[in-house]
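The structure under discussion appears below in the form of structure tokens.
The values are calculated or read from the model by the stated rules, or taken from the named source; none is laboratory data. All of these numbers come straight from a predicted model, not from anything done at the bench. Here the Cβ positions follow ideal geometry from the backbone for every residue, glycine too, while neighbour counts run over all protein chains shown.
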Amino acid sequence: MNIDIERLAPELQSLPSPFLRAFLNDQYDKEGSEFSVTELLSPPQRTWLGLTHKKVETPYSTFAALLGSAIHWVLEMNADPEAGEIAEVRYFAEMHGSIVSGKMDYYEHKTVFDYKSIRGVQEKMKEDHWKQVNMNAYLAKQNGVEVHNVGVVYVQLDWSYMQSQVNPTAPKSPYRPFIHPYDEKVALTEFAIRIRDHQEAKKGSWRPCTPDEQWAKPDIFAVMAAGGKRAVNGGLCATMTDALAMQKPGQVIQTRKGELTYCLNFCGFYAFCEQAQRQSTKSSCELS
């Protein structure tokens with residue numbers, strides 16, 4: 001396999017070749033479908049950018065993909081088809097003029113599961129994961145799989161054994177499953193909206209990405225002592241107006257710029273996206 005070094009962020013290029021091949025050897029395959037559930041859940045603008053530019057892999061995105069792929073592979077190897085379990089199967093259906101597909105991570109006891117590796121502590125099923133697992137369940141059901149429930153199993157990568165022993169509020173396990181009744185209405189609604197948006201994007205007509213799709217973090221205004229490194233007590237404000245009202249003589253206000261986390265680290269097309277470039281928030285400033 002040739003290593004297309006231009007598709008890797010500079011921070012990755014000095015790693016041994018097996019890392020580079022793993023980053024670029026994307027096993028993701030829609031298997032002939034026009035759209036996958038994963039693609040439909042991503043911003044439509046990204047569909048267009050993917051037709052016109054090469055995706056660039058970043059340290060954050062490759063790290064997440066490497067861990068996620070390893071977890072999925074180990075769990076797939078331990079599924080038992082003879083017991084009626086199904087693992088890593090892609091299902092297809094024709095919907096709204098397109099062939100769509102979705103890969104189901106796992107199925108048993110009439111429940112479709114997705115696996116997710118995440119940072120932090122997960123207290124409930126994330127909304128996008130809820131939509132995704134219902135969409136995958138709908139496709140499985142259209143292909144003869146009996147579905148009553150959907151579930152997401154989170155692998156919490158930041159879990160600490162020590163914290164689980166000494167902190168009563170810390171998770172006692174790194175694994176957190178959530179199971180809910182299958183909701184076909186959610187699946188059908190999402191398919192209808194998202195297929196239309198991505199069909200239009202492929203024609204060159206896309207809507208701007210929303211703040212939620214960009215994982216946008218807002219600016220924060222910190223009231224600080226002159227020369228200080230930390231905000232004064234209570235000095236982190238959501239607006240400049242609040243910061244000015246709190247500011248005392250000798251203090252300064254530092255604008256801590258937000259970040260488009262998805263755009264910078266996961267989209268892969270940040271350098272080619274006019275919207276993201278316009279909204280770029282890398283610089284910071286300080287006002288007296």
**Any hit, segment 229-239, residues being crowded, with 18+ Cβ neighbours inside 10 Å, polar (S, T, N, Q) and not assigned by TED's automatic domain parsing to the domain that holds H129** = no
**Asked** What pairs can you find where one residue is in segment 249-272 and on the phi < 0 side of the Ramachandran plot, the other is surrounded by fewer than 16 Cβ atoms within 10 Å (Cβ to Cβ) and part of a helix (DSSP H, G or I), and their Cβ atoms are less than 6 Å apart, with a gap of 6+ or different chains?
**Response** N265/Y60
**Request:** Just need a number here: residues in segment 49-93 that are closer than 25 Å to D197 by Cα and surrounded by fewer than 16 Cβ atoms within 10 Å (Cβ to Cβ).
**Result:** 4
**Asked** Restricting attention to segment 135-171, which residues are outside any strand (DSSP E or B) and under 17 Å from the mean Cα position of the chain (by Cα)?
**Response** M135, N136, L157, D158
**Request:** Pairs only if they're at least six apart or on different chains, beta carbon under 6 angstrom, first in segment 222-233 and of a type in the set (G, A, S), second part of a loop (DSSP other than H, G, I, E, B) and loosely packed, with under 14 Cβ neighbours inside 10 Å; list them, first residue then second.
**Result:** A226/G250
**Fill in**
Contact list, first residue from segment 19-33 and within 20 Å of G102 (Cα to Cα) and modelled with pLDDT under 80, second anywhere and hydrophobic (A, V, I, L, M, F, W, C) and assigned to a loop (DSSP other than H, G, I, E, B), beta-carbon distance below 7 Å, six or more apart or interchain, is none
**Item:** Verdict on P181 being exposed (fewer than 14 other Cβ atoms within 10 Å of the Cβ) and either farther than 15 Å from L40 by Cα or at pLDDT below 95 (or both)
**Value:** yes
**Asked** Quick check: anything in segment 94-103 exposed (fewer than 15 other Cβ atoms within 10 Å of the Cβ), assigned by TED's automatic domain parsing to the domain that holds K172 and farther than 23 Å from A187 by Cα?
**Response** no
**Message:** So the check is Cβ under 8 Å with 6+ separation or different chains; which pairs have a first residue in segment 204-219 that's at negative phi and of a type in the set (D, E) and a second one that's in a loop (DSSP other than H, G, I, E, B) and modelled with pLDDT of 95 or more?
**Reply:** E213/S42; E213/P43
**Complete:** Taking segment 250-271 and keeping residues crowded, with 16+ Cβ neighbours inside 10 Å and either assigned to a helix (DSSP H, G or I) or assigned by TED's automatic domain parsing to the domain that holds A9 (or both) leaves Y262, C263, L264, N265, F266, C267, Y270
**Request:** Sort out which residues of segment 182-230 are among the basic types (K, R), under 18 Å from D128 (Cβ atoms) and part of a loop (DSSP other than H, G, I, E, B), and write them in order of number.
**Result:** R207
**Request:** Could you tell me whether any residue of segment 39-56 is more than 30 Å from R207 (Cα to Cα) and outside the structural domain of C267 (by TED's automatic domain parsing)?
**Result:** no
**Request:** Give the residues of segment 90-113 that are out of contact with any helix residue (DSSP H, G or I) (no Cβ under 8 Å at 6 or more places or on another chain), assigned to a strand (DSSP E or B) and not charged (D, E, K, R), sorted by residue number.
**Result:** I99, T111
**Request:** Look at S33 and say whether it is within 18 Å of L51 (Cα to Cα), assigned by TED's automatic domain parsing to the domain that holds S101 and either part of a helix (DSSP H, G or I) or small (G, A, S) (or both).
**Result:** yes
